[in-house]
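Just below is one structure, and these are the notes that go with it.
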Amino acid sequence: MKDPAERGLRESATFDRATIAAIQHAARTGVYDIRGWGAKRAVPHFDDLLVLGASMSRYPLEGYRERCDTDVVLGDRHATRPLHLDIPVTIAGMSFGALSAQAKEALGRGASEVGTSTTTGDGGMTDEERGESKTLVYQLLPSRYGMNPDHLRAADAIEVVLGQGAKPGGGGMLLGQKISDRVAEMRTLPPGIDQRSACRHPDWTGPDDLAIKIGELREITDWEKPIYVKVGATRTYYDVKLAVAAGADVVVVDGMQGGTAATQEVFIEHVGIPILAAIPQAALALQELGVHRKVQLIVSGGIRTGADVAKAMALGADAVAIGTAALIALGDNDPQYAAEYEALGSGAGYYDDFQDGRDPAGITTQDPELSARLDPVEGGRRVANYLRVLTMEAQTLARACGKGHVRHLEPEDLVALTIEAAAMARVPLAGTSWIPGHGL
Amino acid sequence: MAALSRAEADARSPVVFDLHETTVRALNAELHAPTATSYEVLHPQGAHSLGAGIHDEIDVAVRGHAGYFCAGMNKLGRVVVDGSAGNGVAENMMSGSVRVRGDASQSAGATGRGGLLVIEGSASMRCGISMKGIDIVVGGSVGPMSAFMAQAGRLVVCGDAGDGLGDSIYEARLYVRGSVGTLGADCVEKPLRDEHVAELGELLDAAGLDHRPEEFRRFGSARGLYHFTGDHGSY
Ligand SMILES: Cc1cc2nc3c(=O)[nH]c(=O)nc-3n(C[C@H](O)[C@H](O)[C@H](O)COP(=O)(O)O)c2cc1C
């Protein structure tokens, strides 16, 4: 049959095919959709910004030859052992439970190979990832699954998670099919039950308490480890100020496009703000407190390329974190599994059922046979390659702007393609000096 | 007279940290790499994080009131607070014991994974929240939302329990001697069988309390929220 569009049929922009399918699914099952990945709708993003390379008024650096450094120090405000990373791209927190042990190990191997950090997640620290991660950030989440003071001491930094970009204000979910015996034991839960992670921390409420909580973590670890505070991007300006006041060494801001292992679709698509809108707010908050670059800013949510890295840093970030892109580098949505994705009702390039536990690529699963498909050594190599490319791309753009360090990129190096992006990123619309909301 | 062993000598003369003269940092640094087995903390005056992160079999007596997170994440240590304790006492305790002679504020024993927490007085809201294996015995009453999302371990309340007891509870077992305000979602009363009387007797013994186990009622999970369905609003 001919393509409906060719037959002159018009698809509704309001009720598009995905919307129709969602209504049909709700009517059929009476439950809403839970899925992985991040927001799929288009929102203003780094693609809406352009980098102004050097010409007459700026002097570029020679590609490949002239030095353009990429290292970053994280957490030197209070910690006696801050992190020294070779590249400003880190691996975001993704839980063992959500991911297979092989995937966690591969991420650790890849990050270590290029001198960056990886992060635990909502489910505790595994020996595999500690063993293979030269620099490991340990998350303290509301659920406290697997929380262990020995792991706090074994970590290189601690990340207090208040929220995620995919679901600010929401807790975690791990469906029963992924609660294997090992996951259940680490989380102290019966195997096979649908498990919810709390959305509020159990032992502190509000920023004043958080300051005391951070004090406790510092005491337990003898003031050695940098302490991060991670927030989903919403009221970012205020959240960053409060995180700094609570004593954070590093603030992590995750935009609404940020990935998740399992969240209600309605949450993923409708809560939070794009990372593009959040970075300038965070940078402004840090500047007003006089701690920009002293309290480091890590941003995440839809980072895919070295251009995204460079633009995020130009807007004021010290480093970025990647989740979804790292999974893709590991083999997520690989066309070699096209037939299997289709058998699961999805397709290569569309697969987002991370909650389901049947990932053909062996990444978001606890199934021993599926996860055995992922070779942690080979996976680590792919992640390392990808991280190298991101870094080289960011360096290329920084050199074009005449910067001897990627961190020297600045808002002045950027313009926006759309009025929305100009307003959110607080850089001028290309070819004008107009930043909407900031006068003429 | 025979010479005293080091432990005996320590027990008789604990190393004293007077917080009028030194800092919590100095105290905790010593407790994390102990050169003695017994310590006494004078003039705590509500300082936070006293004895947080202990990971050796040492005795610590806090002579006065403690602030937030006293004995937080304790492993192996035996801590006694001769006073009241602030928010999050013995939070995420792994093993060992903590005894509060006075009352405890919110989130006592939160997420605790092992060991015994005894509160001789009463505990505020959220006592035993998210507990993961710890045993908590409260001589008095506990406030609302206690044992919220409690996963494992046992909470014994010799007085009354506030509203919302055991909301969204998993496998923890709750024993209450007095009245219970309301039960939280999925928390139900369950029969007190012989094995429960026996374990309750042991817990009361360990806490040094002489109530009769038969006077308590048992609460636990109806296990109705273990699988998300569309039938309730708690998906
Ligand atoms: C499979 C998966 C599991 C995740 N698990 C956690 C977690 O346990 N804790 C957390 O703070 N964030 C978690 N996240 C969010 C990431 O840390 C990060 O914020 C997000 O992935 C960044 O956006 P990106 O995926 O677009 O790079 C998870 C993300 C994914 C894709």
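The values are calculated or read from the model by the stated rules, or taken from the named source; none is laboratory data. If you're wondering where the values come from, they're calculated on a predicted model, not measured in any experiment. Glycine also receives a Cβ, built like all others from the backbone with ideal geometry; neighbour counts cover every protein chain displayed. Keep in mind that these areas ignore ligands, DNA and RNA; they rest on the heavy atoms of the full protein, side chains included. Shrake-Rupley method; radii C 1.70, N 1.55, O 1.52, S 1.80 Å.
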Taking A:117, B:124 and ranking on accessible area (1.4 Å, protein atoms only), highest first, one gets B:124, A:117
Per its Cα gyration tensor (rounded if a/c is under 1.5, else prolate when a/b beats b/c, else oblate), segment A:150-213 is best filed as oblate
Of segment A:342-362, those with amide N under 14 Å from the point 7 Å along the Cα→Cβ vector of residue A:369 are A:358-362
Computed for B with A: buried accessible area summed over both chains, 1.4 Å probe, rounded to 100 Å², at 3400 Å²
Mean separation of Cα contacts under 8 Å (at least 6 apart) over the residue count of segment B:11-221, i.e. the relative contact order in percent, is 10 percent
Dividing the helical contributions, -39500 (n - 2.57) per DSSP H run of n ≥ 4, by the residues of chain A yields a 222 nm value, nearest 500 deg cm²/dmol, of -10000 deg cm²/dmol
Measure of exposure for residue A:381: accessible area at 1.4 Å probe, Å² rounded to 10, is 120 Å²
Reported to the nearest 10 Å², residue A:266 has, with a 1.4 Å probe, an accessible area equal to 90 Å²
Measure of exposure for residue B:187: accessible area at 1.4 Å probe, Å² rounded to 10, is 10 Å²
Sorted largest first, the Cα spans of segment B:11-221 on the principal axes come out in Å as 51, 27, 22
So for R0 = 41 Å, FRET eff. of residue A:81-residue A:269 from the Cβ-Cβ r, to 0.05, ends up at 0.55
Here the percent of antiparallel bridges among DSSP beta bridges lying wholly in chain A, to the nearest 5, is 25 percent
Excluding ligands, DNA and RNA, the carbon-plus-sulfur percentage of the accessible area of segment A:1-106 with a 1.4 Å probe reads 53 percent
Taking Cα pairs closer than 8 Å and at least 6 residues apart, the relative contact order of chain A in percent is 23 percent
Counting every C-alpha pair in segment A:36-425, the percent lying more than 32 Å apart is 28 percent
Counting other chain Cβ atoms within 10 Å of each Cβ in A:126-136 and taking the mean gives 0
What helix-only [θ] at 222 nm does chain B give? Using -39500 (n - 2.57) per DSSP H run of at least 4, over all residues, to the nearest 500, the answer is -3500 deg cm²/dmol
Share of Cα-Cα pairs in the protein assembly as shown beyond 51 Å, whole percent, is 15 percent
Taking the alpha-carbon centre of each part, the distance from segment B:51-103 to segment B:159-191 in Å is 25 Å
For residue B:18 and residue A:62, extending 7 Å from Cα along the Cα-Cβ vector and measuring point to point gives, in nm, a value of 7.0 nm
Segment A:288-332: relative contact order from alpha carbon pairs under 8 Å, six or more residues apart, as a whole percent, is 41 percent
